[in-house]
Amino acid sequence: MSPKYSTILSKAILTLTGVALASFGATLSARPRLQTGPDAEMSYDGLHLVDKAVMDMTWVKPDLDLAGYTQIMLVGAGMAFTPVDNAGQRYWPGRSNDTEFPISDESKLRLREEVGEVFRDELSELERYEVVDQPGRGVLMLVGSLIDIVSSVPPANACVGRCDFYLTSVGGATLVLELRDSMSDEVLVRAVDRRAAESNGWPIEANTVMVWSEVRRLARTWGRIIRGRLDDLESVDDLR
C-alpha cells in the first residue's frame with residue numbers, strides 16, 4: 001500500500017470513527033424537552049420550541065394531544081431550488097472553485113419522484129396511523145416541502161477535460177414539515193431540518209448511480225425519523 005493511500009485510508013477511518021462516536025453520544029444524551037414557562041421560545045403562531053429534538057428545530061403546540069387521531073394524510077408542498085450564479089459556465093476540474101451547480105429540469109423532476117416514493121414507502125409502515133387521501137375527523141395532515149436544494153455535482157455538459165469526481169456529498173436540502181389538523185388546518189407541530197446527501201466522509205465517484213443512491217439514502221433517513229416520531233408522539237407529555 002502506498003504512503004499516500006495509507007494516509008487517505010487512515011483519515012477516512014478516523015472520520016468514520018468520529019461520526020460513530022458522535023452519533024452514539026447523541027443517542028445517550030439527546031432527550032427531547034419542551035420549553036415551558038415565561039421564558040419559553042415560541043413561534044409566531046404560539047408553538048413552543050423543543051430542545052434536543054432529532055431535527056434541527058422543532059416547535060410543538062403546548063397542549064398537544066394526538067390521542068384522537070387514527071389516520072394521516074400526506075401532502076406535498078413542493079420543492080424550492082437555490083439559484084446558482086454559474087449557470088451556463090464551463091467547469092474546469094481542479095481550477096474552478098464552484099461548489100454549487102445548477103440542476104437540470106429532468107433531475108428536478110426525478111428528485112420529486114425519488115423523494116416522494118421513498119417517503120410514501122416509509123410512512124406506509126406507520127403503526128399508529130392509517131394513511132388516507134382525504135381530510136376528516138381523526139385525520140392528521142402531514143405537509144412537507146424541500147427548500148434550499150443545492151447540487152454539489154457539476155453537470156456533465158459543463159465540464160471541460162477529464163471529469164471524474166470523487167465527492168463526500170452530492171448536495172443538500174432543508175426539509176420543512178407541519179403536522180396539522182386536517183379539518184381546521186391548525187398547525188400542531190412544525191419541524192425544520194437541513195441535511196446533506198453524503199457518504200459519511202468516504203469519497204465516492206459521483207456517477208449517476210451513486211448520486212441517486214445518496215439522494216434516496218437521505219430521503220429514507222428523513223422518512224424513518226418522521227415515522228419513528230409519529231409512532232412515539234401522542235401528547236406533549238412525551239416531550240417533558
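The values are calculated or read from the model by the stated rules, or taken from the named source; none is laboratory data. Just so it is clear, the structure is predicted and the values come from calculations on it, not from any experiment. Counting neighbours? That spans all protein chains shown, and the Cβs are built from the backbone with ideal geometry, glycine included.
Candidates Val189, Val139, Val150, Val132: the one that is among the hydrophobic types (A, V, I, L, M, F, W, C), in contact with a strand residue (DSSP E or B) (Cβ under 8 Å, 6 or more places away or on another chain), modelled with pLDDT of 80 or more and within 18 Å of Val115 (Cα to Cα) is Val150. Residues that are exposed (fewer than 14 other Cβ atoms within 10 Å of the Cβ), under 15 Å from Thr174 (Cα atoms) and in contact with an Asp or Glu (Cβ under 9 Å, 6 or more places away or on another chain) within region 49-79 comprise Asp56, Ala77, listed in sequence order.
Would you confirm whether any residue within region 193-204 is on the phi > 0 side of the Ramachandran plot, at pLDDT below 95 and surrounded by 14 or more Cβ atoms within 10 Å (Cβ to Cβ)? The answer is yes; a qualifying residue exists. Meeting the requirement of 1 or more residues that are at negative phi and of a type in the set (Ser, Thr, Tyr), the strands (runs of 3 or more DSSP E) wholly within region 39-90 are 57-60.
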